Structures are given as C-alpha cells and as structure tokens.
1. From the list Leu64, Leu43, Leu36, pick out the single residue that is of a type in the set (A, V, I, L, M), surrounded by 11 or more Cβ atoms within 10 Å (Cβ to Cβ), under 18 Å from the mean Cα position of the chain (by Cα) and in a helix (DSSP H, G or I).
Amino acid sequence: MSKTRRTESRSDDAMSAIIEIQRAILVLPEVEFAQLREWVSELDWEKWDKQIQADSDEGALDFLIHEAPYPVADPHKHPSPRFNAKSP
C-alpha cells in the first residue's frame, strides 16, 4: 500500500470515528450532554492556556508589551492568574 493510500485510509478512519462520536452525542441524555460540554470546554481552555504560555515563552507575544497602556517591568514574573492554576 502506498503512503498516500495509507494516509487516505487513516483520514477515512478518523472521519468515521468523528461521525460515530457525533451520532453518540446526539442521543445523549441532557445531563450527560451537559457533562460532556463542560469537559470539552475545560479541555479547550487547557489547550488554549498551554498554547498561549508556549507562545509567551517563545517571545511571540512580546510585541504586546509595547502596546500595554502602562509600563510592564517583567511580564514573565507576573503572569496572568489565568496562566497560573495555583493562583486564587
């Protein structure tokens, strides 16, 4: 089997899995759907936070320091509470 054919096969398998998941979601009772929605939302925020933190660590967001309406001494020492899960 060629590499292209294997890739297409994996893509087809992934689409089949997605369709199966979508169908299962459509028949969930409301309480379980709410639990799933909450879990997906939390997972999405966690991934977003990790991406923002990685971008910050790489300096990709440093241009924002220059746009801040107030002086920023060291933004890496004072992260947003959103990035620090242990903050209150």
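The values are calculated or read from the model by the stated rules, or taken from the named source; none is laboratory data. Because the structure is a prediction, the values reported are computed rather than measured. Counting neighbours? That spans all protein chains shown, and the Cβs are built from the backbone with ideal geometry, glycine included.
1. Result: Leu36 is the single residue among Leu64, Leu43, Leu36 that is of a type in the set (A, V, I, L, M), surrounded by 11 or more Cβ atoms within 10 Å (Cβ to Cβ), under 18 Å from the mean Cα position of the chain (by Cα) and in a helix (DSSP H, G or I).
Table: residues versus (1) modelled with pLDDT of 90 or more; (2) not aliphatic (A, V, I, L, M).
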{"position": "Met1", "(1), (2)": "no, no"}
{"position": "Thr4", "(1), (2)": "no, yes"}
{"position": "Glu20", "(1), (2)": "yes, yes"}
{"position": "Leu28", "(1), (2)": "yes, no"}
{"position": "Leu36", "(1), (2)": "yes, no"}
{"position": "Lys47", "(1), (2)": "yes, yes"}
{"position": "Lys50", "(1), (2)": "yes, yes"}
{"position": "His66", "(1), (2)": "no, yes"}
